[in-house]
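**Student:** First the structure, then my questions, so here it is.
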Amino acid sequence: MRDDPAVIRLVTGARDGDKSAWDELVERYAPLVWAVSRRYRLSAEDIDDVGQSVWLLLIEHLPGLREPAALPGWIATTTQRECLRVLRVGRRVEPIDPADADPDVPDAAVAVDEELLLHERREALRAAFGLLAPRCQLLLSMLTQDPPVPYSEISRKLHMPVGSIGPNRARCLDRLRQAPALVALIDTGNETAHRTGGGEQHGRPVVDR
């Protein structure tokens with residue numbers, strides 16, 4: 001989602017000194033930093049250090065980010081580099097039995113691409129969900145809880161006949177699928193698959209380093 005207007009807006013605001021935009025950027029991408037870091041089996045303290053380094057580097061390089069919408073890729077790549085730096089330094093890394101090593105770590109580039117794609121999907125879904133009517137949001141939230149809320153309780157809380165819960169769920173999901181954020185993600189995925197013969201790739205973010 002390299003042309004995500006929300007990302008462009010946040011990057012532009014943060015560059016202009018808008019603290020709320022910066023805070024929202026950190027909140028939005030902290031899960032991505034954590035997801036990439038955990039693949040390297042770092043200690044919790046090292047993961048915190050990686051996160052702090054990533055945000056400090058972003059402050060330094062934000063003015064040189066030529067494509068604001070490429071920020072997610074920049075964050076993922078920078079997090080990977082910081083994890084490798086911590087591993088090289090060897091500070092506070094917990095001893096690991098080679099037999100227990102994470103099989104994803106050797107293929108770090110693929111792992112980062114996967115985390116970036118998962119993050120984009122989560123963000124698109126969250127944006128799409130936020131556009132639904134409150135009644136749809138509540139219905140889908142109750143149905144996706146673990147375990148799902150019983151239909152009898154949903155009927156009581158939403159004043160909805162049990163027999164209409166299924167049809168309403170279908171309509172809400174249909175509206176969710178038609179949300180611009182999800183449509184854009186699906187279109188991007190189709191275009192990428194067409195260019196790569198079915199595979200998915202992410203281009204390197206363009207940053208003045």
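**Student:** What are the residues in region 1-41 that are surrounded by fewer than 21 Cβ atoms within 10 Å (Cβ to Cβ), more than 17 Å from the chain's Cα centre (by Cα) and under 15 Å from ARG85 (Cα atoms), if any?
**Tutor:** ARG41
**Student:** Select from region 85-95 the residues that are open to solvent by 10 Å² or more (accessible area, probe 1.4 Å) and part of a helix (DSSP H, G or I) and write down the one among them that is nearest to GLU27 (Cα to Cα).
**Tutor:** The extreme case among them is ARG85.
**Student:** On to the next question. Looking at region 101-111, can you tell me whether even one residue there is modelled with pLDDT under 85, assigned to a helix (DSSP H, G or I) and open to solvent by 70 Å² or more (accessible area, probe 1.4 Å)?
**Tutor:** Yes.
**Student:** Restricting attention to region 148-197, and to residues there that are modelled with pLDDT under 85 and in a loop (DSSP other than H, G, I, E, B), which single residue is surrounded by the most Cβ atoms within 10 Å (Cβ to Cβ)?
**Tutor:** Ranking the qualifying residues of region 148-197, first place goes to ALA179.
**Student:** Just for region 114-147: of the residues that are farther than 30 Å from THR79 by Cβ and within 21 Å of the chain's Cα centre (by Cα), which one is most open to solvent (accessible area, probe 1.4 Å)?
**Tutor:** Filtering region 114-147 for residues that are farther than 30 Å from THR79 by Cβ and within 21 Å of the chain's Cα centre (by Cα), the one most open to solvent (accessible area, probe 1.4 Å) comes out as GLN145.
**Student:** Out of curiosity, is GLU82 out of contact with any Gly (no Cβ under 8 Å at 6 or more places or on another chain), under 13 Å from TRP34 (Cα atoms), at pLDDT below 85 and in a helix (DSSP H, G or I)?
**Tutor:** no
**Student:** Hey, another quick one. Do we find that PRO72 is under 30 Å from LEU173 (Cβ atoms) and at pLDDT 85 or above in this structure?
**Tutor:** Considered against the rule, which asks whether it is under 30 Å from LEU173 (Cβ atoms) and at pLDDT 85 or above, PRO72 comes out as yes.
The values are calculated or read from the model by the stated rules, or taken from the named source; none is laboratory data. It should be emphasised that the depicted structure is a prediction, and the values quoted were computed from it without experimental measurement. Backbone-built Cβ (ideal geometry, glycine too); neighbour counts: all protein chains shown. For the accessible areas, the whole protein counts, side chains as well, though only heavy atoms, and no ligand, DNA or RNA atoms are used. Shrake-Rupley method; radii C 1.70, N 1.55, O 1.52, S 1.80 Å.
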